[in-house]
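Rule-based calculations on the coordinates, nothing more; no lab input. Not measured: the values here are computed from a predicted model. We place every Cβ from the backbone using ideal geometry, glycine too, and count neighbours over all the protein chains shown.
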Amino acid sequence: MKLLLFLISMLFIGCIPLQIAPNIDGAKLYKPKKFKKQLPYNYVYVFEDPKDANEFFNYMNAKFQIVYDDATGNIPISIKNKTYFITFYEVERNTETINLLPMVVDASLENKGYRPMMENVYTSRTGQWYIALTITDENLQDALKPTYKSHKNVIAYADDMRAEYLNTVHYIEVYLKSKTQ
């Protein structure tokens, strides 16, 4: 009876999160190195990417006909007639949990002389992909920094770009629209 109560309680508390991927509604501005340590030491504009791998690259290529600076990854953009440079990163963050119930079942089986059967489900991991943008001005000043003089214009531009990316299915539309502007 005690074992049954223990197993039932494990169903309710059976997962211990080790790492949790953030759930971002819309977009979020992160301080340097707070979203992912491997990103540059700038503020980053981050949003969830529900599309396939490299879709954002295809979007950026269609929108800007990328003259991609291989050394720094900067793409020149214009916001209110001022030149800025945008760099983007596809970033994966994981949710990782320890599953206690399979451990308990295997321990019970081992006590009865059987080999563990659920070792491959002791932990579970699911990934979420994000697009992280950095934007700098011509002097390499962090334009996403909240104290930057044109911060609101830069954020508005990033918001518009995110919405366009998420709402566009065929990037030829973006290409043609960029040609008429």
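Quick notes
- Cross-link reach list, lysines versus LYS80, counting only Cα pairs under 20 Å and skipping chain neighbours closer than eight places: LYS63, LYS145, LYS149, LYS152, LYS177, LYS179
- Order of LEU39, LEU166 under a 10 Å beta carbon neighbour criterion, fewest first: LEU166, LEU39
- The HN-Hα couplings worked out from phi for region 134-140 by the Karplus form 6.51 cos²θ - 1.76 cosθ + 1.60 (θ = phi - 60°) are 10, 9, 10, 8, 4, 8, 6 Hz, whole numbers, x standing for Gly and Pro.
- Residues ILE75, ILE98, arranged from fewest to most other Cβ atoms within 10 angstrom of their Cβ, appear as ILE98, ILE75.
- Residues whose amide H lies under 5 Å from that of LYS33, counting only those 5 or more places away or on a different chain, are ASN42; hydrogens are built 1.01 Å from N in the peptide plane.
- Order of LYS36, LYS2 under a 10 Å beta carbon neighbour criterion, fewest first: LYS2, LYS36
- 3J(HN,Hα) along region 34-49: 8, 8, 8, 4, 6, 6, x, 7, 9, 5, 10, 9, 10, 9, 5, 10 Hz, from the Karplus curve 6.51 cos²θ - 1.76 cosθ + 1.60 with θ = phi - 60°, whole Hz, x for Gly and Pro.
- Extension gain, THR147 to ASN111: 0.36 nm times the residue separation minus the Cα-Cα distance gives 6.8 nm.
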